[in-house]
C-alpha cells in the first residue's frame, strides 16, 4: 500500500467540521476504495478550541491557512474559508505553487479566478477539484467532466440555490408571501442574515459560471451572466403558474444558441411535469442535455455540512487514486473564450402579468402592442387575484371602473427584445397601473 | 500528446453502431478532454456489409471477436455481444489476458462472472469498466464507485428496466391491461418478442447484483436475489395505488439490514411524492442513500443506442486519461462475501388485495388472521373494482351474496413471514376466492 495521503482542512465551519469527521469515520472505506490511506493531518481556522465535534489536538493546528497550504506536512489542501479573494485565494494559490493538490467548495473564488487557478494547477502538475462548489453533494462536476465526455452538451440548467428553492416551495405550499418565507428561512438557518447574495441570484450565477465552462469548454465568465432574483415573485405569480401548469423555480441556465452561449439566472416557469419542476424544498437539481445521452437529471442535497463533505471526500479519493483530469474538462489553454449571446436575442415563451386599468379598450390596447411586435398569445387569463382576496382585502369593493385588474398572458416563442419593446409601448399607452411582471418560460426537451 | 488509444468494438447492433458513430463524431472533444487521441480502429460482428450508419471499410474487420480482443491493433476492447457466457465471456477474458482494457455493457456477464473478471483485470493491470451495464446512460456506476467514496451506503434502489417501467406507466395512464401494454411495447420495440427476461425481473436482478457489490463492497451474488416480475399486476392494483397515494414500480432494491443485506426485485408501492415514483415511461432512475450525502437521485435514459454509447465513451475516456480504479470499488480480494438477509425477515409495509366472498363475517375472519400475527392495518378499502366496471363487466349483477368483492388492506410495518403466515390462515379459512395479491411498500427516506 502507498504512502498515506495527508489532507489539511482550512475553515472549520459546518462544512469543515463535517469534513474532518468524515475522514475520521470513513478512513478505512476510503483507503479500501483508493488503495491508499487518506487522513486529515492538519487543520486551520480563525478560532481555536471551539467544540466542533472532533478532537482538535489530534491535528496539527495552523492559525494561518496559507502557512498550512504550503507546509511540508500535507499533500492536499482543502479550502473552506470562503470569499472570492483574500485568504481563500492566497492560500489556494500558495498550495498550488507548493505542489499541493487543492479541493475547494468555493464557487465565488472559482467564478472569479477559476481559469488562473486552473493554469496554476497545471503548471504545478497538481489537481484542482471542486465537486462541492456546485450543488453540494450532487456529482454534477464529475458527470459533466468525465461521464459525459462523449457528448456535445447544448443545455445545462438547474436549481442551484437551496435557499431560493425553499422560499419558492414554501410560498406555493403554504400560500405565504416572499417576505414571510424569507423570514422563516432565516429563522431555520436556510437563509443568511443578509440574504441578497442568495435571493438575488448571485450565488446561482457563480455556480452556473462553473457549469458553463465545463459544459461548453469555454473560459469562465461570470460577469456576463444575466441575473434576476426571486424577490419580485408574488403569490399572484405562483397561483397563475399553478393554474397554467407550471412551477416557478430560480434556474441557472446555460444554453448554446445560434448567436452564442446564453448564461442566465432568473425565475423561470417550467412545466410541472419536468423533473426539475418537482425538485422542492432545499434540494438542488441539475439537468444536462447532450447529443448522445439525451437528458440526465441529478437531484440531491445542495448544501449542508455532511452532503458537502461527501463531495469533498469524493474529490480527495480521486486524488488518492491518482486520477488526473483538467479542472474544467480540458487543459486551460484549450478553453475557448466565452462567446456571449445577448439577452435581447433570447428566444422563448413569456409569462407577463399586467395590472390593467378596468376601462373599455385597455386590454385591446395591450393586444395591439403585442401584435405589432408579432408576439402571438398562447393563453390569456383575467381573474381576481387570489392573493388579494386571501389577504382579506378590498375584493368586493375593487370592482369599480378604473381599479386595476390582473391580466396574465402567456406568449408563444418570441424574442426578449420584442417583448421589451411591446411592453414599452404598453406602458406608454397608459393602460397599466404598475410595471408588468415578466417571467421567462423554459420548455425543457421532453424526456423520452 | 500521447499515443492514440485504439478501440475495438465487438457487436454492431444498435449500441455498437452508435458507439462507432460517437467516436467518429466526437473524437476531437474526447481528445481535448482526455489529453489523448481516441479512435475506433477495429470492429467485429457476425455479419459484414450491413448498413450500420458508418463506413465499415474504415476499420479493420474481424469475424472473430476473440481474435480482435487479443490483437496487437487495439488497446481497449468494447464488448457488446451480449450473453452471460460464450463469445462474450471468452473474448472479454482473452482481452484481459492480453493486457487490453475492457469496456462492456453486458450485465448478464458481470452478474455471473464479474468477480472472476475483476480479478483477471487486476492480475493483468488493466481496467474493466461497465457504466453502460446498469441504467444505460445514467452515471450510476461512477457515482457509487467514485463520487460517494466517502459514504457508507445503506440503501440503493431504482427503476432499472425501461420495458417494465413503460408498461406500468402505460397501464396507469391509458388504463389498459398488462397484456395490452406488453403487446404495444413489443410493437414499439420497447419489449423483446420473448419478454420474460424483462417483465419477470431477471434483467433488473442482474443490474441490481452489480449495484449491490459496488454499494456494499460485497462479492456479486445474483443468485441470492429475490425476484418477482410485473406480470401479475392488474388495473385494480394500479387504481388502488393511485387512490392510496402510491405508484407501482418494478424496483431493484439493495438494503443493509440487521440480518444481512437484502437484494430484491419486485413490484413496489412507493409514495407518489418520491422522485423515483415520478420517473415514468422508458426512463430509469436510481436513488442512493449514504450516511453523509443523504440521498441522491439520478434519472435518465436507461437504454437506447446513443445513451448507452455515451456511457461507453465515458468509460473509454477514463481509460484514455489514465484513471485507475478497482472494477467494484475496491480490489476484488477485499470484497467481502455477500451476507444474505432472508426474505422472510424483510420488514416493511404491505399492500394486500383480497377477493373476499360477500358473506357475513368474511372480512372479520381476515382481520382476525392479521391480528393473530400482530399485523396492524393502516388502511382498509372496500369498493367495486374499477377495472371490472370499465371492462363492461358484471358490476350490476355481481352484488348477489357470495360473489367475491375486492378488499384492500395496507399494513403498518411488519415482517414478510408474519404476512405469509397470516395469508396462509386466511386461505385456509375459505373466505377468499383467489390467491391474494401482495405488493411490498417502500417508504424511502424523505429528502429534506
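Just so you know, all these numbers are worked out from the coordinates, no wet-lab data involved. None of the values given here were measured: they were computed from a predicted structure. Quick reminder, even Gly has a Cβ in these numbers, built from the backbone with ideal geometry, and neighbours come from all protein chains shown.
Overview of results
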quantity: Rounded to whole Å, sorted largest first: equivalent-ellipsoid semi-axes of segment B:5-133, Cα gyration tensor; calculated: 22, 17, 13
quantity: Radius of gyration, Dmax [segment B:142-301; alpha carbons; angstrom]; calculated: 15.6, 46
quantity: Efficiency of FRET between residue A:90 and residue B:359 - r from beta-carbon atoms, R0 60 angstrom, step 0.05; calculated: 0.10
quantity: Cα-based helix-to-principal-axis angle, B:162-174 vs chain B, degrees rounded to 10; calculated: 40 degrees
quantity: Calculated [θ] (222 nm, deg cm²/dmol) that DSSP helices of n ≥ 4 give over chain A, each run adding -39,500 (n - 2.57); calculated: -10500 deg cm²/dmol
quantity: Shielding by other protein chains, A:302-309, mean Cβ within 10 Å; calculated: 3
quantity: Residue B:173-residue A:67 pseudo-label distance in nm [points 7 Å out on the Cα-to-Cβ vector]; calculated: 6.4 nm
quantity: Kirkwood-based shape ratio for chain A, expressed as Rg/Rh from alpha carbons; calculated: 1.04
quantity: Full-extension gain in nm, residue B:180 to residue B:427, via 0.36 nm per residue minus C-alpha separation; calculated: 85.9 nm
quantity: Residues B:412, A:59, B:246, sorted so that the one with the fewest Cβ neighbours within 10 Å comes first; calculated: B:412, A:59, B:246
quantity: Ranked list, fewest to most other Cβ atoms within 10 Å of each Cβ, for A:269, B:343; calculated: B:343, A:269
quantity: Rounded to 5, percent antiparallel among DSSP beta bridges of chain A; calculated: 65 percent
quantity: Where only C-alpha atoms are counted, convex hull volume of segment B:246-396 per residue in Å³; calculated: 190 Å³
quantity: Computed FRET value (nearest 0.05) for residue A:125 with residue B:60, which takes r as the C-beta separation and R₀ as 45 Å; calculated: 0.80
quantity: For B:286-292, mean number of other protein chain Cβ atoms within 10 Å; calculated: 5
quantity: Rounded to 5, percent antiparallel among DSSP beta bridges of the protein assembly as shown; calculated: 65 percent
quantity: Convex hull volume per residue in cubic angstrom - Cα atoms of the protein assembly as shown; calculated: 190 Å³
quantity: Degrees, to the nearest 10: B:362-372 long Cα axis against longest axis of chain B; calculated: 60 degrees
quantity: Distance in nm between pseudo-label sites at residue B:443 and residue A:98 (7 Å out along the Cβ direction from Cα); calculated: 5.1 nm
quantity: 7 Å along Cα→Cβ, label-point gaps from residue A:358 to other copies, nm, shortest first; calculated: 5.5
quantity: Label 7 Å beyond Cα on the Cβ vector: residue A:57 copy-to-copy distances, nm; calculated: 8.0
quantity: Crossing angle, helix B:235-244 versus chain B [Cα axis fit, 0-90 degrees, rounded to tens]; calculated: 80 degrees
quantity: Order of A:181, A:369 under a 10 Å beta carbon neighbour criterion, fewest first; calculated: A:369, A:181
quantity: Exercise: per-residue mean of other protein chain Cβ atoms within 10 Å, A:132-142; calculated: 3
quantity: Shape of segment B:62-194, Cα gyration tensor, a/c cut at 1.5; calculated: oblate
quantity: Inter-copy label distances at residue B:421 (7 Å, Cα→Cβ; nm, one decimal); calculated: 7.9
quantity: Segment B:142-301: antiparallel DSSP beta bridges as a percent of all, rounded to 5; calculated: 95 percent
